[in-house]
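First comes the structure, then the notes that go with it.
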Ligand SMILES: C[S@@+](CC[C@H](N)C(=O)[O-])C[C@H]1O[C@@H](n2cnc3c(N)ncnc32)[C@H](O)[C@@H]1O
């Protein structure tokens with residue numbers, strides 16, 4: 001694509017392969033800007049569940065931090081692997097997986113800047129085809145990784161189910177489904193319903209040849225619950241973090257103004273049967 005051509009924004013079908021290819025390209029091209037803009041808020045070794053700033057240290061959704069030592073944890077769509085770094089600092093044995101080489105390059109950059117902290121594997125792969133043996137992990141987690149961007153979330157959830165040991169916990173956060181109905185704007189214009197919450201047609205940015213360069217997929221809250229159950233998990237909790245007083249920072253369409261009125265993040269806490 002000509003770098004100076006703005007992609008066209010549309011709503012249309014986008015399948016698995018096209019969505020994965022778009023995500024890989026978009027995150028490779030935008031990883032540097034993303035880490036520059038959000039890296040400070042995410043911290044090099046914090047585990048942040050979303051733009052509200054709720055972190056795992058406080059939330060304990062994977063279980064008490066004291067219980068993490070020695071646990072094998074898969075982070076799906078890890079980006080620069082900040083969450084895995086926090087897990088490693090608690091004695092866990094994380095593996096950070098992402099489709100984007102450039103995002104993982106930032107994980108290496110952070111690791112090179114703090115050689116004393118524990119090392120862990122970085123794996124470049126698609127969340128829909130996890131390159132691990134069945135039952136190889138005790139826990140799995142994802143903070144906005146992969147799931148908002150894939151056409152077939154059940155495929156990802158089944159893969160996570162396969163690589164977790166029985167009884168293992170799987171916690172993932174995504175954009176709260178209600179946000180789909182509102183313009184993705186941090187100000188008052190983002191408070192008026194502009195689209196149907198029930199319209200699952202993907203949001204697509206495409207180049208001049210009609211190839212998707214960015215895709216987001218919508219699932220309603222009910223769809224997400226059904227996806228979790230259909231993949232063999234038990235839903236233990238659904239956390240909707242409230243916007244805290246201390247957080248004055250906007251992140252795209254997430255802002256204190258909207259965060260005080262409507263949820264921005266949904267965190268699904270699941271257990272493998
Ligand atoms: C919003 S970032 C989340 C990463 C990190 N938790 C953070 O907050 O920065 C989404 C990540 O999901 C990754 N991703 C998107 N589609 C993926 C797929 N199909 N398989 C694996 N990773 C994927 C992207 O490359 C990106 O690093």
**Fill in**
Whole-percent tail of the Cα-Cα distance distribution for segment 41-97, cut at 17 Å, equals 28
**Item:** q = 0.13, 0.15, 0.22, 0.27 Å⁻¹, segment 12-82: log10 I(q)/I(0) [Debye, one scatterer per Cα]
**Value:** -0.54, -0.68, -1.06, -1.24
**Request:** Evaluate the relative contact order of the chain (contact order divided by residue number), counting alpha-carbon pairs under 8 angstrom at least 6 apart; express in whole percent.
**Result:** 23
**Principal-axis tilt of helix 221-230 within the chain, Cα atoms, nearest 10 degrees** = 40
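So if each residue of separation counts as 0.36 nm, and I subtract the Cα-Cα distance between residue 257 and residue 59, what length gain in nm does that give?
69.0 nm
Where Rh is the Kirkwood radius over the Cα pairs of segment 8-272, the temperature 10 °C and the viscosity 1.306 mPa s, what D in µm²/s does Stokes-Einstein return?
85
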**Asked** Counting DSSP beta bridges in the chain, what percent are antiparallel, to the nearest 5?
**Response** 60
**Message:** If a paramagnetic tag sat 7 Å from the Cα of residue 5 along the Cα-Cβ line, which residues of segment 192-212 would have the backbone N under 19 Å from that point?
**Reply:** 204-212
**Over segment 186-273: Kirkwood hydrodynamic radius from C-alpha pairwise inverse distances, Å** = 15.7
**Message:** Ignoring everything except DSSP H segments at least 4 long, calculate the 222 nm mean residue ellipticity for the chain; use -39,500 (n - 2.57) per segment, divide by total residues, nearest 500.
**Reply:** -8500 deg cm²/dmol
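Rule-based calculations on the coordinates, nothing more; no lab input. Remember, it's a predicted structure, so these values are computed and weren't measured experimentally. Methodologically, a virtual Cβ is constructed for each residue, glycine included, from the backbone with ideal geometry; neighbour enumeration extends over all protein chains shown.
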